[in-house]
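What follows draws every value from the coordinates through simple rules; no lab data is involved. No experiment lies behind these values; they were computed from the predicted model shown. All Cβ positions, even for glycine, are placed from backbone atoms using ideal geometry, and neighbour counts span all protein chains on display.
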Amino acid sequence: MLPSPGMNHTLALNTLFTPQENTMSRTARRTTVFLALILLLALTGVLQVSASSRFQTDAPGEAGTMKLVGSLQIAEERPVTLLAGGPVQEILVEVGDQVEAGQVLMNLDPTFLDFAVRQAEISLEMARVSLLEQGQTSSESEIAIAEANLELAKARLAKLEIGPTEDELAAAEAAAASAWAYYNELRAGPTPERLAQLKANLEKAQIARDEAQRAYDKIAWRPDVGQTPQAAALQRATIDYNAAKAAFDEATRPPSRSQLQSALAAAHRAQDALNKLREWPEEAEIKLAQAQVAAAEAALKKAKELAGSSSLRTAELRVEQALIGLEEAQLRRENAAVRAPIAGVVLQLNAQVGQQVNAGSPVAVIGDASNLEVVVQVTQENIDKIQVGAPALVSRFDDATVQAEAEVTQVSPTGIPGAGTAAFPVTVRLTGPGGEQFRPGMFVSVEIPLSE
C-alpha cells in the first residue's frame, strides 16, 4: 500500500524496516533512510499531480446514474478556405457576428483575377485561330469550334435569363446596408445607448475578472495552481475584460479622416454593386444573347453538313484546354467574394484588409453556437455502462437549476491511461429545450444513466 499524501512521513518510513535491518551500521541505515525519504516524497508528488490533473471525472449521482463535469464546446466548426488568392479588399463581418450560409464575409481585390480571365479569353481565341490556320478544310475542327461557340452562347443566355438570385440580392442588400451603417456610425459616433451598452459590458467584465482574481488568489499557493479551474476562469475573464475594454476604447475614439474616406468608398462600392445587380440584365442584352445562340446553332449545323474525314485532333484539344482554362479563371473571379459555408457565428478571422492571401488559406472559422457538446472522461470501471444514444441531463455548474436535455453521441473506443486506471472520452450533445441558456466554454455538470 502506497502512503497517502496526508500520511505522516516518519510513521510511513518506520514500516519500511525489519528487525534484521536494525543491525545495519549507522552509516548504512542513514543512507537507506535518506533514499527511502526521497522515494516517499516522489510518490506523494505523483499522487498529488495525478489527483489534480483529472479535472473531468465520474462521480456517483442518483441511483443508476453518474455525474461528470466538463466544459461546453461548439459541436461543428467549419473553416472558410479561399478558392482564389489576392489582396483582401474589405472585410464585412467581425468576430461574434451571426451570418447566414452564402453570406459574403470579405471581398478580395479582383484586379489580377480580372487580368487572368482576360488572359484566358485571349488564349482561347488564339487556340481557335491556330485551329483555323492549321486546317481550313478540317470539318471536324470547324464542328469543334462551332460547338464551343454554341456552348458559350447558351451559357451566357442562361445566365442572363436567370438573372440575380434572391440570395445574391439579399447578400448585396445586406452588404450595402452594413457598409452605410458603418459609415454613418463612424461619422455620427456611437449612440448613447451603444456607449451605455459598451460601458456596461466593460464594467461587467471587470467585475467578473476581479472575482476570478480573488478566487485564484485563494489557491495561488498551490504548486498546481496553473492547472486549476480557477486559473482557467481567470484567463477567460481577463480575455473578456480586454475585449470589452478594446471595444469601448474603439467606440469612444473619434475616427480619422482616412477611416471616414475608406468607409464612404466602401459604402459607395457596395451600393453600386447592388444597383447593378437590381438593373441587370437589360432586355437588349437578352435579345442579343438569343441572337448569338441562334447564329451559333446555324454555324454548327452548317459545319456538320460539310463534315468530312479530315481531323486536327491536337488543335481541337488545345481549344478544349483553353476553354477549361477560361472556366477556371472565371470561377476564381467569382470566388473573390468569400462566402460563409454554413450559418452560424464568426469564431475566427485570420485576415486583414490589404493582406495578401493565397488560394487554400483558411481565413475564417464559422461555428453554430446553438449546437453545443461536452466531452467528459469516464473511467474504465464504468465505460461499458455508457451507451451511444442514451439520454443525459446537462446543468450549469454555477446554477444547477438551469438544465437542458442531452444525448450521448459518441463513446471513444480508446482510453487515456492514468494513475491505476484509464479514462475514456464520452461526447454528450445538447438536444432538448433550455439549450439557449448555455454558451461555449461554460462549465457544466452532466448526468448520464448507467446501463446494466
ask   = residue 238 to residue 162: FRET efficiency via 1/(1 + (r/R0)^6), r the Cβ-Cβ distance, R0 60 Å, to the nearest 0.05?
value = 0.70
request  = Would you kindly compute the Cα radius of gyration of segment 69-193 and its largest Cα-Cα separation (Dmax), both in Å?
outcome  = 23.4, 80
message = What are the ³J(HN,Hα) couplings of segment 332-348, residue after residue, when phi is run through the Karplus curve with 6.51, -1.76, 1.60 and θ = phi - 60°? Round to Hz, x for glycine and proline.
response = 5, 5, 5, 7, 5, 8, 7, 10, 6, x, 9, 7, x, 10, 6, 8, 9
message = Given axes a ≥ b ≥ c from the Cα gyration tensor, I'd like to know whether segment 372-452 is rounded (a/c under 1.5), prolate (a/b larger than b/c) or oblate.
response = prolate
task = Could you tell me the largest-minus-smallest coordinate of the C-alpha atoms of segment 253-295 on each of the three principal axes, in descending order and whole angstroms?
result = 61, 15, 10
Label-zone membership for segment 83-107, site residue 170, 7 angstrom Cα→C-beta point, backbone N under 11 Å = 100-103
query = Within straight cross-link reach of residue 302, meaning Cα distance under 26 Å, which lysines are found once same-chain residues fewer than 8 apart are removed?
reply = 154, 287
task = For residue 67, go through the lysines and keep the ones whose alpha-carbon is under 28 Å away, minus same-chain ones fewer than eight residues off.
result = 218, 385
note = For segment 65-155, the charge dipole (Cβ of Lys, Arg +1; Cβ of Asp, Glu -1; about the Cα centre) points to a positive end, and the Cα of 149, 98, 84 closest to that extreme belongs to 98
remark   = Listing 424, 112, 438 by rising number of other beta-carbon atoms within 10 angstrom, fewest first, gives 112, 424, 438
task = State, to one decimal in nm, how far the label point of residue 256 lies from the label point of residue 227, with both points 7 Å from Cα in the Cβ direction.
result = 4.7
